[in-house]
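J.: If you scroll down you'll find the structure; I have some questions about it.
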Amino acid sequence: MITPTDSLSDIKKGLDNKSFSCKELTKFFLDRIEKANKKINCFITVCRESALKEAEKADLKSNSVPSPFAGIPYANKDIFCTSQIRTTCGSKMLENFLPLYDAEIVRRAKNLGLIMLGKTNMDEFAMGSTNETSFFGAVKNPWDLTKVPGGSSGGSAAAVAAGLVPFATGSDTGGSIRQPAALCGITGLKPTYGRISRFGMIAFASSLDQAGFLTRNVEDCALCMEFLSGFDPKDSTSANIPKGDYSSELYAKLEGKKIGIPKEYFDGNLDSEIGHCLAEAKDIFSKLGCVLVDIELPNTEMAIAAYYIIAPAECSSNLARFDGVRYGFRSINSNDIDSLYKNTRNEGFGTEVKRRILIGTYALSSGYYDKYYEQAQRVRSVLKNDFNQAFKKVDVILGPTTPSTAFPLNKEARNDPTELYSSDLYTIPVNLAGLPAISIPAGFGKKELPIGMQLIGQAFNERVLLNVAHQFQLHSEWHYQIPKFNESCDE
Ligand code: GLN
């Protein structure tokens, strides 16, 4: 029998034993999506026909490449280009954009015979932490439909949490995989910068953007890493560093592993119920034989300021390509080239995207470049150095993913964008340093909303990171909890 919360290995077993066909499996999830999407808006595009066709092929084993994971359904964040399938990046600018090619991660998934069910909703151009900046409307958190799912990969997180898809891809520039994973009570991995190709992933801030996964558990993240990560010559920032056998290392014992506890992550900014859950998690690690080591990441408080210069600076340059000439939206109210540019960008972009383009353009302009951009890059080096020092003493670092649980959906009331920016406090330093990090469920707050724990690893050492996170899941039950909302998709 198929259940909406089956892990990838459960599904693979079911397919191998012929407990269900790939078509039944695909239809099962597509039917759930049809029911749930009206309520939580987590998909922008659903690929029902092509998915069922692919599933039939998988059942007949007529795929060109035989693969052990053929037939497993998944979804892509709508930031990944999909050949001849609408790719919007959550923006009016790309509302009807049909890419000519697949992103590398999509190509690899296709080659393995994975079945794409659709494209998930997201903050416009991945800028946001609530999914409310999407042109296609906000996503709702399946744990409480009045709360945000987090962002920008909120559609992927909500879809996995609601049991609409076994796993989904995401992108993380400043926390966009880990934060929604935490707020939706699922597992979210941002690998080391360069570990997964950025080819065909619509650029926000190129030196920070990293593709990754939103899954039911750590084991599934390890599998995703095995089949979708790795060097790609088409991406000049892709790292040609050998991958490990992520799955087999999951079971290594943790005795003697050193877990760093940064004092800056446990100060007054942190909600007490999150602090309480993390204290319990630390106990579990101690019982598993880990040594908890107090560490310092003394420059943490400068991270947000540096990120909100670097990310907008890079985005102002990356988004210059959306001018109404080559592809995407074009304003019809123009009679010369200047007004075409202006009107297209004015009508095509939403408020948050415009705000970032303005900040970025300002920070890069002559006279201000040294004052802001260069200074922010200096801060970035200092933060990297903080982590390097810490990793001389410890194997992984433990902290919160977010300062609070999911908060109310209420775009209109959010007058001060910097308030939201400050909630990226624990995720942003990781992107600035290019490190891998994972968010895993670690408990619930008083309002029955999930709490995430973040584990940060050393560059290109996802194996140890996944090992530590998996051992926690072997000794905790939080990742098995599912929202009541899921029942409403069975009826
Ligand atoms: N919340 C952050 C921002 O708005 C992170 C976004 C991301 O990781 N894509 O920039």
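J.: Please go through region 322-354 and give me each residue that is within 19 Å of Thr133 (Cβ to Cβ) and exposed (fewer than 12 other Cβ atoms within 10 Å of the Cβ), ordered by number.
T.: Thr351
J.: Determine whether Asn467 is closer than 21 Å to Cys221 by Cβ, within 16 Å of the ligand (Cβ to nearest atom), of a type in the set (S, T, N, Q) and part of a helix (DSSP H, G or I).
T.: So Asn467 fails the test.
J.: Sort out which residues of region 212-232 are in contact with a Pro (Cβ under 8 Å, 6 or more places away or on another chain) and within 16 Å of the ligand (Cβ to nearest atom), and write them in order of number.
T.: Gly212, Leu214
J.: Same structure again: Restricting attention to strands (runs of 3 or more DSSP E) lying wholly within region 28-120, give those where 2 or more residues are among the small types (Gly, Ala, Ser) and over 21 Å from Thr3 (Cα atoms).
T.: Ranges flagged: none.
J.: Check Leu358, Leu319 and return the single one that is within 16 Å of the ligand (Cβ to nearest atom) and surrounded by fewer than 14 Cβ atoms within 10 Å (Cβ to Cβ).
T.: Answer to the check: Leu358.
J.: Right, next: Let me spell it out: the conditions are (1) within 15 Å of Ser439 (Cβ to Cβ); (2) of a type outside the set (Ser, Thr, Tyr); (3) in contact (Cβ under 8 Å) with a residue 60 or more places away in the chain; (4) part of a loop (DSSP other than H, G, I, E, B), and Gly151 meets all of them except one. Which number is the exception?
T.: Exception for Gly151: condition (3).
J.: For region 423-435, which positions are more than 10 Å from the ligand (Cβ to nearest atom) and within 21 Å of Gln377 (Cβ to Cβ)?
T.: Leu425, Pro429, Val430, Leu432, Ala433, Gly434, Leu435
J.: How do the pairs read when you match residues in region 345-371 that are of a type in the set (Asp, Glu) with residues anywhere that are in a loop (DSSP other than H, G, I, E, B) and crowded, with 16+ Cβ neighbours inside 10 Å, using Cβ under 8 Å and keeping only pairs 6 or more apart or on different chains?
T.: That search, which allows pairs on different chains as well, returns Glu347/Phe329; Glu347/Ser331; Glu352/Asp123; Glu352/Met127; Glu352/Gly128; Glu352/Thr133.
J.: Looking for something among the aromatic types (Phe, Trp, Tyr) and more than 30 Å from Phe204 (Cα to Cα) - is there at least one such residue anywhere in region 89-98?
T.: No, region 89-98 has no match at all.
J.: Could you grab me the full set of residues in region 309-323 that are farther than 14 Å from Arg378 by Cα and either within 23 Å of the chain's Cα centre (by Cα) or among the hydroxyl-bearing types (Ser, Thr, Tyr) (or both)?
T.: Scanning region 309-323 gives Ala311, Pro312, Ala313, Glu314, Cys315, Ser316, Ser317, Asn318, Leu319.
J.: Starting from region 373-401, take each residue that is closer than 20 Å to Leu278 by Cβ and list its partners that are of a type in the set (Ser, Thr, Tyr) and in a loop (DSSP other than H, G, I, E, B), counting only C-beta distances under 8 angstrom and pairs at least six apart or across chains.
T.: Hits for this filter: Gly399/Tyr426; Pro400/Tyr426; Thr401/Tyr426; Thr401/Thr427.
J.: Take the residues of region 301-358 that are among the basic types (Lys, Arg) and in a loop (DSSP other than H, G, I, E, B): which is nearest to Glu419 (Cα to Cα)?
T.: Arg330
Here, each number is a calculation from the coordinates, and none is a lab measurement. All of these numbers come straight from a predicted model, not from anything done at the bench. Ideal geometry is used to build each Cβ from the backbone, glycine not excepted, and the neighbour counts take in all protein chains shown.
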